[in-house]
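The values are calculated or read from the model by the stated rules, or taken from the named source; none is laboratory data. This structure is a prediction, so every number in the text was calculated from the model and none was measured. Glycine gets a Cβ as well: all are built from the backbone with ideal geometry, and neighbour counts include every protein chain shown. With ligands, DNA and RNA removed, areas are computed over all heavy atoms of the protein, side chains included. Shrake-Rupley method; radii C 1.70, N 1.55, O 1.52, S 1.80 Å.
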Amino acid sequence: MKAPESDTKAWQEARLIPTSGINGGEEQERRATSALLAVMSSVREFGRALTQPLGAPAGAVQTFIEVPFRIADRKVFPDGLIRVQRGQKTWTALVEVKTGTTVLDPAQLETYLDVARAQEFDVVLTISNQIPSHPGEHPATVDPRLTKLVALHHYSWSQVLTEAVVQREHRGVADPDQAWILGELIRYLEHDRSGALEFDDMGRHWVSVRDAVIDGTLRPADRGTEEVASRFDALLRFSGLKLGRRLGTNVVPLRTRKEQADPAVRVRSLIESLCSQGTLSGVLRIPDAVGSVTVIADIRTGRVICQVDIDAPRVGRPATRINWLLKQLSQAPDSLRVEVFAMYSRASVAADLLGRLRAEPGRLALEESREIKSFRLALELPLGSKRSRGKGSFADSVVYGVETFYADVLQSLRSWVAKTPQLRDESQDEPVAEQLISSSLSSQDGPQTAAPPRSGPGTEPEPKPASGPESDSRSVEEGLVLGEGPAVGERPTVGERPTVGERPIAEEKSTVGEEQLAQDQPAPATQPRIPLQKSPEQEPEDAVGVIRWTMAIPGPRGPSRREIRRRASETQDEEGWYGDPDRAGHLRWWNGVAWSEYIYEVQSTD
């Protein structure tokens, strides 16, 4: 007879590691220890992932539970033992496990350290629900002399669960049966009765500290401030573990060198900001992201702020750089705040919400003279105030804020990468008339030869070029005529060097007659000069164009023939002359980062 389908739904599926029948903390602790160590020895990749950071070699993993040892006429029973062998090298670790809300006992740990030293073991490993603020820290304080020969390490159950999920879902397990076994361990640790708890409590002093912060009466020496600061760091670490579990990567809090060397420095910093500003903050580093995420919990305003700084492109005008960012934020919420930081400025120079910027990108536009250095993207969400987990919880709101900011904003951002330099294809150059001479002097050009002197009756010898300060100023302000025949020089008038903020542009052409131009001696080959342009009446009919510069020498090189033909819409990929976007018919020098004050005027004579 077939059983009704309604009855089969209530049947409990058989599991490799059952959660039923757990009576008391000792049974919970023993079952969690046995399940974890058994899977470590059965799933090679998972066992290697947990033992490698402890210094174990790559080899076969053997595990045991409740191994007896005798010390000082008494027996002790560590919860487990891990042994890894590779060749003739043997690595051994004692394991102490706590579940639920039970904390590690420093006296018990010191006893196990003595056993490990007597047995010449390498490591004492502790596993509990206590989450240290940073990887490598230990939640229990023991005599530092005991850790000189034997290392003391700690894993939280959240970290163990994260390693299991990442190994199975992201890194992969070669054997399908071993992957199923690892999945059974994940099911067991995620069950409430396993004793492997997540972060769910801000401490017994949370309510009093929170109320004092809101009232503005909290002082650094008040009771519970240090506990709340430490619990916030643990919460930040738990947020990184949970986010890394979904991403398949290692998300860790960032610490300064002083904070890593002395965790008390970090605690004092949190207490100071909590008392003075009413905020708790930290930074999470996510591998391969555009930047680290800063998390700020503002208890007084009841808001949690997640923000990231991203470098702006190094080329383009301010409007171009802003549009580059807005294109990447197509899926971001309208409440996202965008701040702009200019070069040589510590504070933001402009800020607005993304919803307004989508309609009016120019709201963040800066002056052309100010260069955008970076952007800051900040998202504010409501912050809970309750001590434990659940609706309105402080811990849940922080974890939710981190995951929401990454999903809606950070994961779609890409860093700016400069365009790869391209080889010049000579075969694709446009044909150039033979009479079009180069518009700039080059090391490849030969010496300029003077025109042959006129001879005949009644002609006078040409004067020699003068020497002295006046002759050295011949190239201060000169122009160039593109046409046939040899270039003819002219003595120019000395102009002033342009200063920052000015855009000197020649307004009039030279009116010197052709006979007077012919009488001047061209510049010697050892001091080449750019020849002056001729008056409009004397320009040849087949001249292509006239270029004039008004900057003082020395300055940027003159534009090449290829640069003369550039249009104003062409992008600025490298240093050189480009079409001035503000003045039609002019060239402007791009220094690789921003527009300079050097300008050429190109006039067509067609």
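Annotations for the structure displayed:
- Selection from segment 269-297 of residues that are in a strand (DSSP E or B) and open to solvent by 30 Å² or more (accessible area, probe 1.4 Å): Ser281, Val283, Arg285, Thr294, Ile296
- Qualifying helices (runs of 4 or more DSSP H) (wholly inside segment 1-103; at least 2 residues being in contact (Cβ under 8 Å) with a residue 60 or more places away in the chain and out of contact with any strand residue (DSSP E or B) (no Cβ under 9 Å at 6 or more places or on another chain)): 24-42, 44-51
- Single residue of segment 358-394 satisfying the filter (open to solvent by less than 30 Å² (accessible area, probe 1.4 Å) and at pLDDT below 90) that is farthest from Trp595 (Cα to Cα): Leu364
- Of all residues in segment 62-80 being open to solvent by less than 30 Å² (accessible area, probe 1.4 Å) and among the hydrophobic types (A, V, I, L, M, F, W, C), the one that is nearest to Glu120 (Cα to Cα): Phe69
- Residue list for segment 141-178, restricted to those being more than 22 Å from Lys98 (Cβ to Cβ), among the hydrophobic types (A, V, I, L, M, F, W, C) and open to solvent by less than 20 Å² (accessible area, probe 1.4 Å): Val166
- Subset tally (residues that are open to solvent by less than 40 Å² (accessible area, probe 1.4 Å) and of a type outside the set (A, V, I, L, M)) for segment 230-267: 13
- Take the conditions (1) buried (at least 18 other Cβ atoms within 10 Å of the Cβ); (2) under 26 Å from the mean Cα position of the chain (by Cα); (3) not in a helix (DSSP H, G or I); Ser397 misses just one of them, which is (3).
- Taking the numbered list (1) open to solvent by less than 20 Å² (accessible area, probe 1.4 Å); (2) among the β-branched types (Val, Ile, Thr); (3) out of contact with any His (no Cβ under 9 Å at 6 or more places or on another chain) in turn, Thr217 passes all entries but (1).
- Residue count for segment 298-316 satisfying the condition of being in a loop (DSSP other than H, G, I, E, B) and either under 27 Å from Gly392 (Cα atoms) or without any contact (Cβ under 8 Å) to a residue 12 or more places away in the chain (or both): 4.
- Candidate set from segment 199-214 (those that are of a type in the set (Gly, Ala, Ser) and farther than 19 Å from Arg266 by Cα); member that is surrounded by the fewest Cβ atoms within 10 Å (Cβ to Cβ): Ser208
- Scan segment 565-601 for residues that are farther than 22 Å from Pro313 by Cα, modelled with pLDDT of 75 or more and open to solvent by 40 Å² or more (accessible area, probe 1.4 Å) and the total you get is 4.
- Among residues of segment 135-170, those that are closer than 27 Å to Gly183 by Cα and not small (Gly, Ala, Ser), counted: 16
- Within segment 81-109, the set of residues being open to solvent by 50 Å² or more (accessible area, probe 1.4 Å), among the β-branched types (Val, Ile, Thr) and under 30 Å from Arg204 (Cβ atoms) comprises Thr101, Thr102, Val103.
- Of all the residues in segment 322-366, those that are aliphatic (A, V, I, L, M) and touching a residue at least 60 places away in the same chain (Cβ under 8 Å) number 3.
- Matching residues in segment 246-268 - criterion: being touching a residue at least 60 places away in the same chain (Cβ under 8 Å) and assigned to a loop (DSSP other than H, G, I, E, B): Gly248, Thr249, Arg255
- Subset tally (residues that are open to solvent by 50 Å² or more (accessible area, probe 1.4 Å) and within 22 Å of Ile71 (Cα to Cα)) for segment 115-140: 5
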